[in-house]
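Remarks on the structure that follows.
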Amino acid sequence: TDAFTYDPGFTSTASCQSTLTYIDGDQGVLLHRGYPIGELAEQSSFMEVSYLLLNGELPSKQELENFSTTITRHTMVHEQLATFFRGFRRDAHPMAILCGVVGALSAFYHDSTDIHDPAQRVIASHRLIAKMPTIAAMAYKYSVGQPFLYPDNSLSYTGNFLRMTFGVPAEPYIVNPVIEKALDRIFILHADHEQNASTSTVRLAGSSGANPFACIAAGIACLWGPAHGGANEAALNMLREIGTPDRIPEYIARAKDKNDPFRLMGFGHRVYKNYDPRATVMQKTVREVFAELKVTDPLFDVALQLEEIALNDPYFVEKKLFPNVDFYSGVILSAIGFPTSMFTVLFALARTVGWVAQWNEMITDPDQKIGRPRQLYTGPTQRSYVPVTER
Ligand code: CMC
């Protein structure tokens, strides 16, 4: 009797029209506003990609400068926010803190919550992009018991984030340009990915008219899951658990076992049935960061060998399971000095630009309606209430 299409997991439902990001999963192609992710990762900057996603075109030199300056002007957070942080336990997961703090932003910035005012939408967008590094760094500082650092607007977006995270007031912090570039590239790789679970969450939340800060907080909550953004943390924890290459076959066997819930973290993707183009750049970046820091990590060898074994195993070949963006990112982030609990926070920081751009696109879409899926009801048919004494 129901005339609805049953599509659990929305594997074949287009929820919106979008001009932001194109993915050809069979070919392993990812384009932002038409530009290949590989070219953007190599040649662009996170600020430039943010401008591109928000405005549709690459900026001129002047436009980029103006945009960066505008973002820079919003990097500080309301002083009262520091008090809000102090209410959390020191051992709280930084993603828990991020969900809470970003969820509370509308309480601090209610002058940019009117979604019908285009000027307020712009300010809210800039605020979110600019304040995420500050909030992310504060979450880290809080967990290690060090003082919060104010932003330094003479630094780049990513350099400033590195300083707020790893710097201390007692001494100057010198940003390593190679690390800055590598992290900036990681941010580019995470900036947007069309209608993934968290972006769909942001759009769904936004479709009811909720304010942008609340919508992004909803996206952060969704991103946290290990099947989504939480996979970078889970992937590195998995590599640690495997520990040495000789134990890889045991984990491959577990991943293939239908009775074992274990999956290879950082492997497989709903859309990519080919190598995730972001993983290619990520793998290359691992080598650059190691060379610069003059370190190696035995876990990188475990990851490389795990990939090689999986890509030659009929199970992974038939199911077209390849490494995704989260497979190699953890090795780099941990070499830079981030604890695993911060990995998904970094993903959220970078994806904020995609969420914000998608939210803006949705708000200005003339076809926009409240998102309201239907269901196939499989419960009991109508029946009469029986008083508890008669049950
Ligand atoms: N290890 C072992 N088997 C897998 C894996 C894996 N990582 N991924 C998928 N499969 C199998 C799965 O068991 C299923 O087998 P069968 O058809 O026999 O039931 C088949 O491959 C298809 O999997 P699915 O779960 O139906 O596919 P999906 O599109 O619903 O899920 C996914 C996609 C990313 C959630 C899944 O591949 C996965 O759980 N991967 C591990 C977590 C991960 O790395 N997530 C990050 C995704 S990329 C970045 C991001 O979104 O944050």
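Each value in this text was obtained by applying a stated rule to the coordinates, not by laboratory testing. Note that this is a predicted model, so its numbers are computed, not measured. Neighbour counts run over all protein chains shown; Cβ positions are idealised from the backbone, glycine included.
Does any residue of the range 84-106 turn out to be surrounded by 14 or more Cβ atoms within 10 Å (Cβ to Cβ), under 25 Å from N66 (Cα atoms) and in contact with a Leu (Cβ under 7 Å, 6 or more places away or on another chain)? No, the conditions are met nowhere in the range 84-106. Only residues that are out of contact with any helix residue (DSSP H, G or I) (no Cβ under 7 Å at 6 or more places or on another chain) and either surrounded by fewer than 15 Cβ atoms within 10 Å (Cβ to Cβ) or closer than 16 Å to W359 by Cβ (or both) were counted across the range 23-59, and they come to 11.
Within the range 192-212, if we keep just the residues that are surrounded by fewer than 24 Cβ atoms within 10 Å (Cβ to Cβ) and hydrophobic (A, V, I, L, M, F, W, C), the residue that is farthest from the ligand (Cβ to nearest atom) turns out to be A210.
Examine the range 148-156 for a residue that is crowded, with 23+ Cβ neighbours inside 10 Å, closer than 19 Å to I336 by Cα and of a type outside the set (A, V, I, L, M), and state whether such a residue exists. So far as the range 148-156 goes, no, none of its residues is crowded, with 23+ Cβ neighbours inside 10 Å, closer than 19 Å to I336 by Cα and of a type outside the set (A, V, I, L, M).
Are there any pairs with C-beta distances below 8 angstrom linking a residue in the range 205-234 that is under 20 Å from G266 (Cα atoms) and charged (D, E, K, R) to a residue that is part of a helix (DSSP H, G or I) and more than 8 Å from the ligand (Cβ to nearest atom), with the two at least 6 apart or on different chains, and if so which? From the range 205-234, the pairs are E233/G330; E233/T340; E233/S341; E233/F343; E233/T344.
Per-residue answers, yes or no, for (1) part of a loop (DSSP other than H, G, I, E, B); (2) in contact with a helix residue (DSSP H, G or I) (Cβ under 7 Å, 6 or more places away or on another chain); (3) among the small types (G, A, S):
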{"site": "L105", "(1), (2), (3)": "no, yes, no"}
{"site": "A119", "(1), (2), (3)": "no, no, yes"}
{"site": "A124", "(1), (2), (3)": "no, yes, yes"}
{"site": "R163", "(1), (2), (3)": "no, no, no"}
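In the range 248-350, counting only helices (runs of 4 or more DSSP H) that sit wholly within it, the ones holding 3 or more residues that are away from the ligand (no atom under 12 Å from the Cβ) span 248-256, 277-293, 298-311, 325-336. Scanning the range 259-278 for residues that are under 22 Å from P249 (Cβ atoms) and either of a type in the set (A, V, I, L, M) or touching a residue at least 60 places away in the same chain (Cβ under 8 Å) (or both) turns up L264, M265, G266, F267.
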